[in-house]
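> One structure coming up, written as structure tokens, with questions to follow.
The values are calculated or read from the model by the stated rules, or taken from the named source; none is laboratory data. Nothing here was measured: the structure is a model prediction, and the numbers come from that model. Cβ atoms come from the backbone with ideal geometry, glycine included; neighbour counts cover every protein chain shown.
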Amino acid sequence: MAATAVFGVLLLAGCTPVPSTVAGPTTGPARSPSPSPPPPVVQQPLQPPPVAQPLPALPSATGFDGAVAVTCGGRPGADRVVALLKSKGVLSGGGTVSVQVGPLCAGTWQYTVLAVSGREPLQVVTEGAPESLRLVAAGTDVCSAVRTQAPAGILSVAHCG
């Protein structure tokens with residue numbers, strides 16, 4: 001019986017691997033049996049939507065606000081003011097003309113300053129719809145012609161205060 005017991009122990013001993021001191025090839029770090037938690041969610045602070053810049057005021061049927069002169073937004077354009085001055089004989093066909101200020105609008109009035117070669121800056125005040133401008137005054141001092149009629153915005157930019 002003792003031989004059978006020894007034989008049984010040897011048989012069972014063959015089933016258990018013998019610890020080895022020689023390291024075999026590794027395939028990387030051992031993975032833990034439980035899955036790792038997902039990375040934390042970081043929420044970005046909410047940003048307000050971009051604010052659109054205000055567009056130039058558009059005229060109503062009665063024109064722009066008369067209290068303050070604002071850019072006319074191309075209605076009328078400076079080319080229309082120059083064409084009006086040429087048609088009235090204020091400007092000749094020759095010479096260089098460039099816009100220094102405007103056109104600026106207040107009510108149904110417009111104010112423009114032109115640089116004309118060989119002359120002082122030319123202030124121009126017009127009135128009416130862009131398609132049918134009426135020349136009110138043109139020169140180096142327009143105040144006497146507009147002081148009693150023009151809206152406050154035009155008087156201010158023309159320095160007729």
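> What is the residue count in segment 130-148 for residues that are in contact with an Asp or Glu (Cβ under 8 Å, 6 or more places away or on another chain), in a loop (DSSP other than H, G, I, E, B) and within 15 Å of residue 107 (Cβ to Cβ)?
Residues meeting the conditions: 1.
> Would you say residue 68 is among the aliphatic types (A, V, I, L, M) and at pLDDT 85 or above?
Spelling it out, it is not the case that residue 68 is among the aliphatic types (A, V, I, L, M) and at pLDDT 85 or above.
> Filter segment 134-156 down to residues that are crowded, with 20+ Cβ neighbours inside 10 Å and within 18 Å of residue 75 (Cβ to Cβ) and give me whichever is farthest from the chain's Cα centre (by Cα).
Restricting to residues being crowded, with 20+ Cβ neighbours inside 10 Å and within 18 Å of residue 75 (Cβ to Cβ), the top hit is 151.
> Could we say that residue 130 is touching a helix residue (DSSP H, G or I) at 6+ places or on another chain (Cβ under 7 Å) and crowded, with 21+ Cβ neighbours inside 10 Å here?
no
> Turning to a different aspect of this structure: Could you tell me whether residue 114 is part of a helix (DSSP H, G or I), aliphatic (A, V, I, L, M) and modelled with pLDDT of 85 or more?
no
> Write out, first by first residue and then by second, each pair whose Cβ atoms fall under 9 Å of each other, whose residues are 6+ apart or on separate chains, and whose first residue, in segment 81-106, is of a type in the set (Gly, Ala, Ser) and part of a loop (DSSP other than H, G, I, E, B) while the second is surrounded by 14 or more Cβ atoms within 10 Å (Cβ to Cβ) and at pLDDT below 90.
Going by the 9 Å Cβ cut-off, the qualifying pairs are 95/116.
> From the residues in segment 121-161 that are in contact (Cβ under 8 Å) with a residue 24 or more places away in the chain and among the hydroxyl-bearing types (Ser, Thr, Tyr), which one is farthest from residue 98 (Cα to Cα)?
156
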